[in-house]
1. Once every Cα of the range 137-225 carries one equal point scatterer and solvent is ignored, give the base-10 log of I(q)/I(0) from the Debye formula at q = 0.10, 0.24 Å⁻¹, two decimals.
2. Can you give the FRET efficiency for D90 and R233, using 1/(1 + (r/R0)^6), R0 = 45 Å, r = Cβ-Cβ distance, to the nearest 0.05?
3. Write down the Å³ per residue value for the convex hull defined by the alpha carbon atoms of the chain.
4. Measure out, as a whole number of angstrom, how far apart the alpha-carbon centroids of the range 164-242 and the range 77-115 sit.
5. Based on DSSP H runs of at least 4 residues, each adding -39500 (n - 2.57), what is the mean residue ellipticity at 222 nm of the chain after dividing by all its residues, to the nearest 500 deg cm²/dmol?
6. Beyond a 30 Å Cα-Cα separation, which of these cross-linked pairs lie in this structure: K45/K209; K160/K195; K28/K160; K32/K97; K187/K209; K114/K195?
7. Ordered by packing density, taken as the mean number of other Cβ atoms within 10 Å over each peptide's residues, highest first, how do 63-71, 17-25, 33-41 rank?
8. Percent of accessible area on the range 1-132 owned by carbon and sulfur, 1.4 Å probe?
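The values are calculated or read from the model by the stated rules, or taken from the named source; none is laboratory data. As the structure is a computational prediction, the values presented were derived from the model and not from experiment. Counting neighbours? That spans all protein chains shown, and the Cβs are built from the backbone with ideal geometry, glycine included. The area values use the complete protein model at the heavy-atom level, side chains included, leaving out ligands, DNA and RNA. Shrake-Rupley method; radii C 1.70, N 1.55, O 1.52, S 1.80 Å.
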Amino acid sequence: SLFNIFTKPFYFSEIISRVIGPEKGTGKLGGKAAGFILAHDALTKARDEGRNVGDFCTPQTYYIRSDVIFEFLKLNGLADIANVKYKEVDDLRVEYKLVRRFYRTGRFPNYVIKNLKLMLESLGEVPLVVRSSSLLEDRLGAAFCGKYTSLFVANQGDMKSRLQDLLGAITQVFASVFSPDAIQYRKERGLLDFKEEMACIIQPVVGKKCGQYWLPAFAGVAFGHNEYTWSPRIKREDGMVRIVAGLGTRAVDRIGDDYPRLFSP
């Protein structure tokens, strides 16, 4: 549980030192961040118990709490924009373009800018990924896999341009709360009236330089339940892994001629 993790003083302080949010706020880290922390804790415990989990490491992660988006909306006069989610899908697709534009030109509280500058100074000029971490994301019964935005940032050049690109990416992750695909997904699961809160996690992209590119050798997504039982030897509870060469975007955002490899562990 998260309580068991946070009773470890060192690990708790390590997480808190990388959390960005208002000083007296009560925002959350979101589903994806919580899952990331829990996965790290589960693997660490298994390794300490002598189980064969192999070698693993986790990237240095920074967390933007869910209350930052409320301060962002208030600061930019966008608090009433939440009603967009009740529009028809065709209208929402048009409105979503405007929402993204409004968010893109928005200002952030000074403490956010200050902390992001410190983060960029600490990480250096390495590619970053800004990942959604909403309250609804990665929950039982509604994974929202690929529904919200995650964006890569090159993070190259002078501090001003690096910061500007990073802030722009964060605004688009915030705006993806109103993505037509995400809204439709919520409607289908009776979650439209839920007050969705979007947090973010920022991580260095794991990989190495290959010519002019930076990417991992492999990436993918694993599921605890397998709906594609293509052999009678496979049970649904055996799970499934979808893996690709390079960045994992093609393992989630699939198109007709994609190249992921599926297997049951």
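1. Scattering profile of the range 137-225, log10 relative to I(0): -0.37, -1.26.
2. 0.50
3. Once divided by residue count, the hull of the chain is 166 Å³.
4. A separation of 21 Å, based on Cα centres.
5. That calculation yields -11500 deg cm²/dmol at 222 nm.
6. K45/K209; K160/K195; K187/K209, as the Cα separations exceed 30 Å there.
7. Averaged packing, sorted descending, gives the order 63-71, 33-41, 17-25.
8. 53
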